[in-house]
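The values are calculated or read from the model by the stated rules, or taken from the named source; none is laboratory data. These numbers come from a predicted model, not from an experiment. Virtual Cβ from ideal backbone geometry, glycine too; neighbours counted across all protein chains shown.
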Amino acid sequence: MVTSSTRERQLIETFVQLADTLVIDYDIVEVLQALVERCARIFDATDAGILLPGDDGSLAVVATTSERSHVISLLQLRASEGPCVDAFVTGQLVTVENIASTYARWPNFATGAASLGYLSMHAIPLRLRGETIGSLNLFRDVVGQLSADDAAAAQALADVATIGILQHRAVRQADDARDQLQHALHSRVLIEQAKGVLSQSDGIDMAEAFERMRTRARTTGTRLSVIAEQVIAQAQAE
């Protein structure tokens, strides 16, 4: 568990990073990936993830901190049930301090979460005024509530992230209001494909494959989605 001073510093750093998205160009996939990693540390979560809607309005996984959080997020989307879905639909915080108590409400989610070792979960809506564009989700391996202070801080981070996403849309003057989100979803598909390519070619797990791509992107100053395209293209050329 992080100390209060460390937590405060990490919160400030995260707010600063999100604020930067309002004034400079950025890779939305990398920003959202960094956000979920920071949120997992700040709020003592085992994992974290973000869901955003595509062109058809249905949610998709854009960023996660692990393969199992990716799996439980996909399970909720396919079953159309769970805290992530409810937070998006209602625009309200959905907190589950004990997933074992949700079998009647969300049987598929509860069963899947139990099999993956998650015991509690908290879904924070990404919203601005009356529009909800996704959810920020915290997964824990222990039973417990999300404190009022943590809930407020998580919602504040989600709100700033939402403003950043919507601001980026406006700056780009996209013809379609969902272009930026669709780009993020497309980029995520490329990244997942590239992870699989590296995992198979180099004999490493998916997490290591992702870290290698991130390191290469940061070292070369290249967008993560471009690195993914390069990995896939190289594999196809061989």
Can you confirm whether region 50-71 contains a residue that is loosely packed, with under 15 Cβ neighbours inside 10 Å, closer than 18 Å to THR162 by Cα and not small (Gly, Ala, Ser)?
-> yes
Lone qualifier among GLY91, GLY112 - being over 14 Å from VAL61 (Cα atoms), within 17 Å of the chain's Cα centre (by Cα) and among the small types (Gly, Ala, Ser) | GLY91
Go through the residues of region 41-59 one by one and say whether even a single one is of a type in the set (D, E, K, R) and within 12 Å of the chain's Cα centre (by Cα).
-> yes
In region 146-155, is there at least one residue being in a loop (DSSP other than H, G, I, E, B), surrounded by fewer than 15 Cβ atoms within 10 Å (Cβ to Cβ) and at pLDDT 90 or above?
-> yes
Leading residue by the ranking (surrounded by the fewest Cβ atoms within 10 Å (Cβ to Cβ)) among those in region 127-145 that are touching a strand residue (DSSP E or B) at 6+ places or on another chain (Cβ under 6 Å) and of a type in the set (Gly, Ala, Ser) | GLY144
Verdict on LEU136 being at pLDDT below 95 and either in the same structural domain as THR64 (by TED's automatic domain parsing) or in a loop (DSSP other than H, G, I, E, B) (or both) = no
With the condition kept exactly as written, say whether any residue in region 114-126 is surrounded by 21 or more Cβ atoms within 10 Å (Cβ to Cβ) and touching a Phe, Trp or Tyr at 6+ places or on another chain (Cβ under 6 Å).
-> yes
Near pairs, Cβ below 9 angstrom, 6+ apart or cross-chain, from region 212-233 (over 14 Å from ILE28 (Cα atoms)) to any residue that is assigned to a loop (DSSP other than H, G, I, E, B) | ARG212/ILE204; ARG216/THR222; GLN230/THR222
Out of GLU37, GLU30, GLU67, report the one residue that is at pLDDT 90 or above and farther than 20 Å from ALA151 by Cβ.
-> GLU67
